[in-house]
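Engineer: Below is the structure I would like to discuss, written out as structure tokens.
What follows is calculated from the coordinates using simple rules that are stated; it is not laboratory data. Note that this is a predicted model, so its numbers are computed, not measured. All Cβ positions, even for glycine, are placed from backbone atoms using ideal geometry, and neighbour counts span all protein chains on display.
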Amino acid sequence: MKVNFGDNFFKSLDKLYRYEAWHNRMWRAITGDLWEFFKNIWRFRTELWEHRWWDYRFTLITLKRSLIIMEKGMHNGLEVHETRGKKIEKMQRAIKILENITNDCYIEMAEVELGELFHREWEWEETGETTDNPFGEKDEKLYRLIDNDTPEEKEHNSKVFARSRELEEAEWKELWEIMQGQDYDKFKKAKDWNEQFDGSGLRSWWD
């Protein structure tokens, strides 16, 4: 088989070569990449200021900010509305869950369902014992917290705490199901793909 190349092919190669030349790459870095770098510093300024390595919460906060930026951009994206709208809804749900996790809202959510926790002022009583001070100073009296909660109050508070843990576990599972996305192999062949697609799947969130 004989293969021929026209002038436009060689012009395209020449254009590609010049595009990858070091001075053009440097120019693009200065005018494009560097600008985006400073924009990202501003976008993530709060997260960068607060970030610490020793708690997963800081990683989730950064993820939340990234999804907020992505969700905002997707509204003006090029994708067709049928699938884009579903993706935006899943992004918004993921952002809400991340907000609940990082703000630790689950006690308040459980209280909305079951009623507020019972709180009493702390009361203390002497134990009759004293500290064994090794420095020769006067020993101090020891105190213990008085438990004034009624059995009914204790039972109610236990239910609120248990419900808050259930809500937290359920949303944690939901968050990663949204990120994981659907198993497309389980879609029905005869049914429209767009009808079965629910917008989940982090790897499908691009424009």
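Engineer: For segment 40-45, take each phi angle, set θ = phi - 60°, evaluate the Karplus expression 6.51 cos²θ - 1.76 cosθ + 1.60, and give the result in whole Hz per residue in order, putting x for glycine and proline.
Structural biologist: Taking θ as phi minus 60°, the curve returns 5, 4, 5, 4, 9, 4 Hz for segment 40-45.
Engineer: A further question follows. Please report the spacing between the Cα centers of segment 71-118 and segment 145-200 in Å, no decimals.
Structural biologist: 13 Å
Engineer: In what sequence, highest mean first, do 58-65, 145-152 appear when ranked by Cβ atoms within 10 angstrom? Each step should come with its number before you reach the end.
Structural biologist: Numbers: 58-65: 17.2, 145-152: 9.9.
Result, highest mean Cβ count within 10 Å first: 58-65, 145-152.
Engineer: Select from segment 157-196 those trypsin sites (Lys or Arg not before Pro) which occupy a DSSP coil region and have at most 14 other Cβ atoms within 10 Å, ordered by residue number.
Structural biologist: Numbers: sites: LYS159, ARG163, ARG165, LYS173, LYS186, LYS188, LYS189, LYS191; in loops: LYS188, LYS189, LYS191.
Filter output for segment 157-196: LYS188, LYS189, LYS191.
Engineer: Let me ask something else. Expressed as cubic angstrom per residue, what is the convex hull volume of the alpha carbon set of segment 106-182?
Structural biologist: Numbers: hull volume 12.2 nm³, N = 77.
So the per-residue Cα hull volume is 159 Å³.
Engineer: Among the chymotrypsin sites (Phe, Trp or Tyr not before Pro) in segment 96-181, which ones are in a DSSP loop with at most 16 other Cβ atoms within 10 Å of the Cβ? Mind listing them? Numbers along the way, then the final one.
Structural biologist: Working: sites: TYR106, PHE118, TRP122, TRP124, PHE135, TYR143, PHE161, TRP172, TRP176; in loops: PHE118, TRP122, PHE135.
Hits after loop and neighbour filter: PHE118, TRP122, PHE135.
Engineer: Here's another thing I want to ask about it. Mind listing the phi-derived Karplus ³J(HN,Hα) values for segment 76-92, rounded to whole Hz, using 6.51, -1.76 and 1.60 with θ = phi - 60°, and x for any glycine or proline?
Structural biologist: Couplings: 10, x, 8, 5, 4, 4, 4, 8, 4, x, 5, 5, 4, 4, 5, 4, 4 Hz.
Engineer: Using the structure shown, select from LYS87/LYS189; LYS72/LYS186; LYS96/LYS154; LYS90/LYS159; LYS86/LYS191 the pairs with a Cα to Cα distance greater than 25 angstrom.
Structural biologist: On the way: LYS87/LYS189 22 Å; LYS72/LYS186 31 Å; LYS96/LYS154 31 Å; LYS90/LYS159 30 Å; LYS86/LYS191 18 Å.
Check vs 25 Å cut-off fails for LYS72/LYS186; LYS96/LYS154; LYS90/LYS159.
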